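To keep things clear, I will list the structure first and then write my remarks on it.
The values are calculated or read from the model by the stated rules, or taken from the named source; none is laboratory data. Since the structure is predicted, the reported quantities are computational estimates derived from the model, not experimental observations. All Cβ positions, even for glycine, are placed from backbone atoms using ideal geometry, and neighbour counts span all protein chains on display.
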Amino acid sequence: MTSIPGPDPLVIRSLEFLGGMASADGWRPETDLPEIAFAGRSNVGKSSLLNRLVRRKAIARVSRTPGRTREINFFKVNEQFILADLPGYGYARVSKARKADWRPLIEDYLRKTPRLAGVVQLLDIRREPSEDDMTMLDFLAELEVPTIVVLTKSDKLSRIAAAERAEAIMRGLALERDQTIPFSSFTGEGRDDLALALTGLLEAEGGETV
Ligand SMILES: Nc1nc2c(ncn2[C@@H]2O[C@H](COP(=O)(O)OP(=O)(O)O)[C@@H](O)[C@H]2O)c(=O)[nH]1
Ligand SMILES: [Mg+2]
């Protein structure tokens, strides 16, 4: 089945890197725009997804710069909203102490961002959510942050297997269907669904998206 691409729900007219937040009470951009944050474990495909989403290489460059990957990186999109790229957590090869050090920064960010329109939580479609993933999802639920779950690397499974995994994850986490988006940075599957979901979050937060 092929679908005919409709109009792009989120045309990126401008993208500006604002800087990084390195610690819980460190610098962050001063802005009254609504904000959307992207979270997930290292290697889940976040940088690839962000590049697909904004159709730019800029995000990848920033998120590959050593040091910047432990920070929350802020981008202003279309002068309309802020995109916050949270540091990837749970990388297997770092020590236990290092593993937990993402929490204060991310938790402080989530608590203190006044116009947090939502969080996009990335999960690998092939894997069970990790303990860190569950910690994040529980925290988002506790703070009542609107959450979209993107299931990455859907191209690694057959259509049927991907649909089955999406169903299982959705049921396991008690998510709604419209909260769950299978995504592939390789094929572009899910890009426009995600873009549309973001415009929904921004509008609910009183932001402009046209
Ligand atoms: N097959 C497949 N591989 C992907 C996809 N997205 C990312 N990857 C691969 O997964 C690895 C980690 O991707 P990256 O975007 O850097 O993940 P990050 O650490 O979450 O920023 C890289 O080897 C990517 O090429 C995808 O949609 N499909
Ligand atoms: Mg990355």
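Suppose we keep only residues that are within 27 Å of Ser154 (Cα to Cα) and of a type in the set (D, E, K, R) within the stretch 24-46. Which one would you say is farthest from ligand 1 (Cβ to nearest atom)?
Per the stated criteria, the residue is Glu35.
Check every one of the helices (runs of 4 or more DSSP H) wholly within the stretch 41-124 and list those with 2 or more residues that are at pLDDT below 95 and under 17 Å from Ala22 (Cβ atoms).
Working: elements: 46-54, 58-64, 96-100, 102-112.
The helices (runs of 4 or more DSSP H) meeting that bar are 58-64, 96-100, 102-112.
Looking at Ala166, Ala162, Ala174, Ala141, which one is assigned to a helix (DSSP H, G or I) and surrounded by fewer than 17 Cβ atoms within 10 Å (Cβ to Cβ)?
The unique qualifying residue is Ala141.
Taking the conditions exactly as written (over 20 Å from Gly190 (Cα atoms) and either within 16 Å of ligand 1 (Cβ to nearest atom) or modelled with pLDDT of 95 or more (or both)), does Glu167 satisfy them or not?
When the stated conditions are applied, Glu167 does not pass them.
Could you identify the single residue in Leu53, Leu10, Leu49 that is more than 16 Å from ligand 1 (Cβ to nearest atom) and touching a residue at least 12 places away in the same chain (Cβ under 8 Å)?
Values: Leu53 fails: more than 16 Å from ligand 1 (Cβ to nearest atom); Leu49 fails: more than 16 Å from ligand 1 (Cβ to nearest atom).
Exactly one of Leu53, Leu10, Leu49 is more than 16 Å from ligand 1 (Cβ to nearest atom) and touching a residue at least 12 places away in the same chain (Cβ under 8 Å), namely Leu10.
I'm trying to understand the selection: among the residues of the stretch 45-63, which are in contact with a helix residue (DSSP H, G or I) (Cβ under 7 Å, 6 or more places away or on another chain), surrounded by fewer than 17 Cβ atoms within 10 Å (Cβ to Cβ) and of a type in the set (D, E, K, R)?
The one that is in contact with a helix residue (DSSP H, G or I) (Cβ under 7 Å, 6 or more places away or on another chain), surrounded by fewer than 17 Cβ atoms within 10 Å (Cβ to Cβ) and of a type in the set (D, E, K, R): Lys57.
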